[in-house]
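Encoded as structure tokens, the structure appears first; notes follow it.
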Amino acid sequence: MSVITVERKVLEKNDTIAQDNRRTFNENKIFSINLLSSPGSGKTSLVEKTIEYLSGKVDIAVIEGDVQTDLDAQRISKLKAQVVQIVTNGGCHLEANLVRDSFGKFNGGNIDLLIIENVGNLVCPASYDLGESDKIVILSTTEGDDKPLKYPAMFRIASALVINKIDLVPYVNCSVEVIRENALKINPNLKIFETSCTTNVGIPGWCRWLESKLR
């Protein structure tokens, strides 16, 4: 019972800060997305492609979450986007206070789209509201088509699912159609995109959806 009480208090504090974050983003007319996935799904590659495609049309800032290193932030900074790296030193998810503190480090200017790349994990991040507008799950074909059924909470809270690395389908034991079917069993309202950051397939459609959200 005491463990449940402590967990509830932690989540309540997080949710309070998340609401403050959401209020700040709304007041500044910022659309924010929280990218969720297991490690190696291609989150950072998708962020890079998104920045490249929307360059000159949308002002983008990125908060990178990782257990160790600032390698992802280094990749994003090469694209001339504002980026802040959060190193959790072993923490398996981002929390609202980390996003609040990171957002305060951006050097002013207009931000239309805030991309929060969460720590690679299909379990813990599902419990933590960061104040984002939408949660987006990324699932690569190399992970298998059973993941929506094995980690339903992540798919249940998401607005959209990006099925990434579809160029590798011929080489892996995975069916995109089965991923779709399993994901829609968990969340019938999911918007689903099929992408490849190697061939750029599906990237324009994904970015157009983001633009429609900004409007």
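Listing for the model above:
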| read-out | value |
| --- | --- |
| Value of [θ]222 nm, deg cm²/dmol, for the chain, DSSP H segments ≥ 4, -39500 (n - 2.57) each, nearest 500 | -12000 deg cm²/dmol |
| Solvent-accessible area, 1.4 Å probe, carbon plus sulfur percent, for the stretch 91-174 | 47 |
| Gyration tensor (alpha-carbon) shape descriptor, the stretch 73-215, a/c threshold 1.5 | prolate |
| Lys, Arg +1 and Asp, Glu -1 on Cβ, resulting dipole of the stretch 1-120 about Cα centre, debye, nearest 20 | 160 |
| Residue among 202, 172, 189 farthest towards the positive dipole end of the stretch 101-215, charges placed on Cβ | 189 |
| Magnitude of the charge dipole, the chain, Cβ model with Lys/Arg +1 and Asp/Glu -1, debye to 20 | 340 |
| Rounded accessible area per residue of the chain, 1.4 Å, Å² | 48 |
| Computed over the stretch 81-170: relative contact order in percent, which uses C-alpha pairs under 8 Å that are six or more apart | 27 |
| Pairs of Lys in the stretch 94-193 closer than 21 Å at Cα, counting only those 8 or more apart or on different chains | 12 |
| Size of charge dipole - the stretch 28-68 - debye, nearest 20, with Cβ of Lys, Arg +1 and Asp, Glu -1, no other charges | 180 |
| Rg to Rh, two decimals, where the stretch 55-104 supplies the alpha carbon set and Rh follows Kirkwood | 1.00 |
| Relative contact order %, the stretch 15-125, counting alpha carbon pairs below 8 Å whose residues are six or more apart | 41 |
| Length-normalised contact order of the chain in % [C-alpha pairs under 8 Å, at least 6 apart] | 24 |
| Shape call, the stretch 1-160: gyration tensor on alpha carbons, a/c limit 1.5 | oblate |
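The values are calculated or read from the model by the stated rules, or taken from the named source; none is laboratory data. In this text the structure is predicted, and so the values were computed from the model without any measurement. Using ideal geometry, Cβ is built from the backbone for each residue, glycine included, and neighbour counts are taken over all protein chains shown. Just the protein is used for accessible areas: all its heavy atoms, side chains included, with ligands, DNA and RNA removed. Shrake-Rupley method; radii C 1.70, N 1.55, O 1.52, S 1.80 Å.
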